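This report refers to the structure that appears directly beneath it.
The values are calculated or read from the model by the stated rules, or taken from the named source; none is laboratory data. Quick caveat: nothing in here was measured; it's all calculated off a predicted structure. Cβ atoms come from the backbone with ideal geometry, glycine included; neighbour counts cover every protein chain shown.
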Amino acid sequence: MTQRNRPMTDLRWLLAFAAPARGVLAVSVLARLLGHTASAAALALPAWAIGAALTQPGDLSVLVVVAGLIVLALAAGALRYLEQLTGHLAAFRLLGELRIWVMHRVLPQAPAVIDVRGAARVLDVAVRDVDRIEVFFAHTIAPAISAVLLPAAAIGFTAATAGPPTALSLALVLAAGWAVSLLGRGAGRQTARVLGRARGDITQHVADSLRVRDVIQGAGTLEERLAAMRELDARLGAALTARSRRAGVRHGATALRVWGGTLLVLLVGLATAPGALPAVLLAAALVPGTATGLDTLERLAVSLPAGLEATRRVRELAEASPLVPEPSEPTAPTGPTAPISPISPISPTGLRGPGFSGVSTQATAPAGGSRIAAELTDVTFRYPDRPDPVLESISLHLAPGTTVGITGPTGSGKSTIARLLQRHRDPEAGTVTIDGVDARRLGSTQVQRIVAVADQDPFLLDATVAANLRLAAPGAPDAALEEVLRTACSPLPLDRCIGPRGSALSGGERQRLALARTVLRAGQAPGGIAGAILVLDEATSHQDPLTQERVVAGVQRLGTSTVVIAHRHETLRPADHLIHLENGRVVPADSSC
Ligand code: ATP
Ligand code: MG
């Protein structure tokens, strides 16, 4: 899609998104039309009264004019309140829906999206850009409609009362209001784009700097980091200055238009319709009388491009094509651990499988089902921006209930295997089979219900131990939580608050809590814990050797099919089968260094 027609497409998309709130928005538009009519009339009435007093003295009661003004002022105030209230009510409701829509679409592809863009940039779009769209819902639809209808009504009324020439001069002055707000439109869009990018980069820079603060402080490179920030800020400042300059020109042009325009209408009216003084004065008063409405349009020249640019970024984030295409009709698992109902919803309570007490036993394999829980067959994989394959002709068989260990030097492709198993990526050649079905045909949702991964650097919420665990199984009873904590050798009390990202825990405690959560999640697999595939990717790297062994042994007792990735062979002693990777290829284990 070209940049040229993109804003129109985004506008149409926003209008379609706003459709459910059209009732409330219609009230807002109506309140604005009536409110602005009352405001314009509040200026036009005294102007007309002065004209009437000059031409027909004694015909008009001052009291009637004052009473009329009071009524108009009260009506204008009340209607403005109603317009703002309904406009914002609709906007906040729609923004809430939009946030949910974004989250719903971004979450399934989060690891891939974050890998490519950076978490802070994603946050900037998902939170702040969504807020920037408020301007469209609350301050665009009603002003745009009333900025057409009110001037049209003012021109028609003037034509009928003061004659066509006066109406024509008023039409020119009001059209100039539209023209002023369209001044620098293209540049405005360009600036909004630069501003959006600069803000995202600044957010990412601040987030990254905070994460590596110790390195910066220790190495004394704060000045370099600040210099980079200044550069980003200069980019932002240049765009803001350009935007303010254009806004300044528009403000000046507006002031000139209103007061010069009032004079023009007055002069044209006096010259062409001297006998209709009240109507001419009224027409002249309609220039400042409609100024508030057209001023809003002028302010939209800044906020609307920003809102549309934000819409573009939000849609780009939420509608990005996933890294792995999903099948239109996912195939059900057919392997040894396939459940009776393969895509049944996640069980809200308890754990299923032989490793957990008081629960059902492992689902049995259908006759003739595969004897493999997971299998990589001749898999070759390369990351899009890397010319060489990271994995080459890799094969791996994980029999139900067994443990496969993967070792290899750093960068040899171990975690990439974990990513393929949980279908964050698809192989370039070969197949990944989960529960008897090609992961591509099974679809990411089913794969990720079966495959649970615990990695070395888990993310924990700023909440209690129990709340962190219940992310994996919202309805799990305390006893089930305690059970998984025991499996992961984690003696933490359920009500302990663990701080932001688990900062109140040691590295080892964090890992064991996350591992307990992964075990709990595996217990929610359609075939129960024994039907799950557990991948521990350096998930015990912060533990002492004894704890490491106890944790792996605890997991093995669950009867689940497990892949344990570790640098050290000792960690993998309990594995039924071991493979060693080097440069993305399987080599005999004894050739390891
Ligand atoms: P470690 O033991 O250090 O965790 P690993 O064996 O798990 O290493 P992988 O994470 O699988 O290694 O990475 C294998 C190779 O792929 C590395 O050279 C790495 O630089 C590269 N790589 C990993 N992720 C990406 C990515 N998202 N984009 C491009 N290259 C990547
Ligand atoms: Mg790794």
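All of (1) under 30 Å from Leu277 (Cα atoms); (2) under 24 Å from the mean Cα position of the chain (by Cα) hold for Asp201 with one exception: (1). Any residue at all in region 164-183 that's within 16 Å of Arg235 (Cβ to Cβ) and among the aliphatic types (A, V, I, L, M)? Checked against the condition, which is being within 16 Å of Arg235 (Cβ to Cβ) and among the aliphatic types (A, V, I, L, M), region 164-183 yields no hits at all. For region 491-532, the set of residues classified as within 17 Å of Leu481 (Cβ to Cβ) and basic (Lys, Arg) consists of Arg496, Arg510, Arg512, Arg517, Arg521, listed by residue number.
Return yes when Val552 is within 16 Å of ligand 2 (Cβ to nearest atom) and under 23 Å from Gly408 (Cβ atoms) and no when it is not.
Values: within 16 Å of ligand 2 (Cβ to nearest atom): no; under 23 Å from Gly408 (Cβ atoms): yes.
No.
Filter region 399-414 down to the residues that are among the small types (Gly, Ala, Ser) and either surrounded by fewer than 19 Cβ atoms within 10 Å (Cβ to Cβ) or more than 16 Å from ligand 1 (Cβ to nearest atom) (or both) and list them by number.
Of all residues in region 399-414, those among the small types (Gly, Ala, Ser) come to 399, 401, 405, 408, 411-413.
Within region 399-414, Ala399, Gly401, Gly411 qualify.
Filter region 543-574 down to residues that are part of a loop (DSSP other than H, G, I, E, B) and either at pLDDT 85 or above or among the polar types (S, T, N, Q) (or both), then give me how many there are. Before the answer, list the steps.
Taking region 543-574 and keeping what is part of a loop (DSSP other than H, G, I, E, B), we get 543-544, 557-560, 566-569, 573-574.
Retained after the next criterion (residues that are either at pLDDT 85 or above or among the polar types (S, T, N, Q) (or both)): 543-544, 557-560, 566.
Number of matching residues: 7.
What are the residues in region 452-471 that are within 16 Å of ligand 1 (Cβ to nearest atom) and either closer than 17 Å to Ala373 by Cβ or touching a strand residue (DSSP E or B) at 6+ places or on another chain (Cβ under 6 Å) (or both), if any? Please lay out each step first, then the result.
We begin by selecting, within region 452-471, every residue within 16 Å of ligand 1 (Cβ to nearest atom); these are 453-458.
If the condition is that a residue be within 16 Å of ligand 1 (Cβ to nearest atom) and either closer than 17 Å to Ala373 by Cβ or touching a strand residue (DSSP E or B) at 6+ places or on another chain (Cβ under 6 Å) (or both), then Val453, Ala454, Asp455 are the ones that fit.
Among the residues of this structure, Ala187 does not count as one that is in contact (Cβ under 8 Å) with a residue 60 or more places away in the chain, closer than 22 Å to Ala301 by Cα and under 30 Å from the mean Cα position of the chain (by Cα). A single member of Arg22, Arg12, Arg6, Arg32 is over 20 Å from Glu97 (Cα atoms), of a type outside the set (Phe, Trp, Tyr), modelled with pLDDT under 95 and out of contact with any Asp or Glu (no Cβ under 8 Å at 6 or more places or on another chain), and it is Arg6. Among the residues of region 381-403, those identified as outside any loop (DSSP other than H, G, I, E, B), closer than 19 Å to Asp435 by Cβ and away from ligand 2 (no atom under 16 Å from the Cβ) are Ser395, His397, Leu398, Thr403.
Considering (1) within 16 Å of ligand 2 (Cβ to nearest atom); (2) of a type in the set (Ser, Thr, Tyr); (3) under 28 Å from Ala332 (Cβ atoms), the lone condition that Thr445 does not fulfil carries the number (1). Can you tell me which residue is modelled with the lowest pLDDT among those in region 438-459 that are part of a helix (DSSP H, G or I) and charged (D, E, K, R)? Result: Arg449. Filter region 413-428 down to residues that are assigned to a loop (DSSP other than H, G, I, E, B), under 13 Å from Ile394 (Cα atoms) and within 14 Å of ligand 2 (Cβ to nearest atom), then give me how many there are. Within region 413-428, residues that are assigned to a loop (DSSP other than H, G, I, E, B), under 13 Å from Ile394 (Cα atoms) and within 14 Å of ligand 2 (Cβ to nearest atom) number 1. Report yes if Asp59 is at pLDDT below 95, of a type in the set (Asp, Glu) and crowded, with 16+ Cβ neighbours inside 10 Å, otherwise no. Spelling it out, it is not the case that Asp59 is at pLDDT below 95, of a type in the set (Asp, Glu) and crowded, with 16+ Cβ neighbours inside 10 Å.
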